[in-house]
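The values are calculated or read from the model by the stated rules, or taken from the named source; none is laboratory data. Remember, predicted model here, so these are calculated numbers, not experimental data. Ideal geometry is used to build each Cβ from the backbone, glycine not excepted, and the neighbour counts take in all protein chains shown. Ligands, DNA and RNA are excluded from the accessible area calculation, which covers all protein heavy atoms including side chains. Shrake-Rupley method; radii C 1.70, N 1.55, O 1.52, S 1.80 Å.
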Amino acid sequence: MVIFFGTLIYLSESVSSPISTNEKKEAFIIRLSGYAQTLQEEYDVLPSISIAQAILESNWGTSDLSVENNNYYGIKGSDPKNTVNMRTKEYVDGEWIEIEAPFRKYDDWRESMKDHALLFVNGTNWNPDQYQTVLEAEDYKEAAVALSKSGYATDPTYPDKLIHLIEQYRLYQYD
């Protein structure tokens, strides 16, 4: 009986416990935070905004778009050589609709983060200053509202979602 009990103790100690959801979320934040800070130095994009958008747009790096194509921000593209068509939801005329759209493919997640920062710096083809107010924002709350006003996302609650993520996970500490 003593040997059996000792065996149970040994087996229970050798079985590793699964990684908790909180540990996965923390690891995701830590993985992105250093590069987000590097991008802030180069392009003035607040790391809290960059990380919160990656969390929201990629569902913590678990969406098909992020897993299969390293696109953490839902950035759309037009070149068939580096895009993939996927279904997405857009908020149009007061309701959610589902559409198919071409999204950029990236070699790795850092490329996605840099392209996201460059979008803010360079704007769009039709308006190079489209995201200037995001870059000029004094803090994450102002930047989240500026994102919405500049047309980054169609979701009317987008700024609230970003601010909630930033405060819940204390992402402002990286700014």
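One line per residue, one yes/no per condition, for (1) in contact (Cβ under 8 Å) with a residue 12 or more places away in the chain; (2) over 23 Å from Leu118 (Cβ atoms):
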| residue | (1), (2) |
| --- | --- |
| Glu138 | no, no |
| Ser148 | no, no |
| Tyr152 | yes, no |
| Thr157 | no, yes |
| His164 | no, yes |
| Tyr174 | yes, no |
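Pairs linking a residue in region 91-102 that is in contact (Cβ under 8 Å) with a residue 24 or more places away in the chain and aliphatic (A, V, I, L, M) to a residue that is open to solvent by less than 60 Å² (accessible area, probe 1.4 Å) and in a strand (DSSP E or B), with Cβ atoms under 8 Å and 6 or more positions apart or on different chains, are Ala101/Met86; Ala101/Thr88.
Scanning region 10-25 for residues that are modelled with pLDDT under 95 and part of a helix (DSSP H, G or I) yields Tyr10, Leu11, Ser12, Glu13, Ser14, Thr21, Asn22, Glu23, Lys24.
One residue stands out in region 26-49 among those that are of a type in the set (A, V, I, L, M) and assigned to a helix (DSSP H, G or I): the one that is farthest from Tyr131 (Cα to Cα), namely Ala27.
Leu118 passes every criterion in (1) open to solvent by 40 Å² or more (accessible area, probe 1.4 Å); (2) assigned to a strand (DSSP E or B) apart from (2).
Inspect region 125-141 for any residue being part of a helix (DSSP H, G or I), open to solvent by 30 Å² or more (accessible area, probe 1.4 Å) and aromatic (Phe, Trp, Tyr) and give the result as yes or no. I'd like the intermediate steps shown before the answer.
To start, the set of residues in region 125-141 that are part of a helix (DSSP H, G or I) comprises 132-136, 140-141.
From the residues that got through so far, the ones that are open to solvent by 30 Å² or more (accessible area, probe 1.4 Å) too are 132-133, 135-136, 140-141.
This time we only want the ones that are aromatic (Phe, Trp, Tyr), so: 140.
Yes, that holds for at least one residue.
Can you name the residue in region 88-104 that is modelled with pLDDT under 90, over 15 Å from Glu57 (Cβ atoms) and in a strand (DSSP E or B) and, of all such residues, is most open to solvent (accessible area, probe 1.4 Å)? Don't jump to the end; show me each part of the working.
Initial filter on region 88-104 (modelled with pLDDT under 90): 88-101.
Filter once more, so that each one left must be over 15 Å from Glu57 (Cβ atoms): 92-100.
If we keep only those that are in a strand (DSSP E or B) too, we end up with 92, 95-100.
Working: Val92: 59, Glu95: 108, Trp96: 127, Ile97: 63, Glu98: 101, Ile99: 54, Glu100: 111 Å².
Only one residue fits best here, namely Trp96.
Hey, could you check region 49-81 for residues that are without any contact (Cβ under 8 Å) to a residue 24 or more places away in the chain and of a type outside the set (Asp, Glu) and say which is least open to solvent (accessible area, probe 1.4 Å)? First the steps, then the outcome.
So the first thing to find is which residues in region 49-81 are without any contact (Cβ under 8 Å) to a residue 24 or more places away in the chain, and the list is 57-59, 62-64, 67-68, 79-81.
Retained after the next criterion (residues that are of a type outside the set (Asp, Glu)): 58-59, 62-63, 67, 80-81.
Values: Ser58: 0, Asn59: 92, Thr62: 85, Ser63: 30, Val67: 94, Pro80: 109, Lys81: 175 Å².
Selected residue: Ser58.
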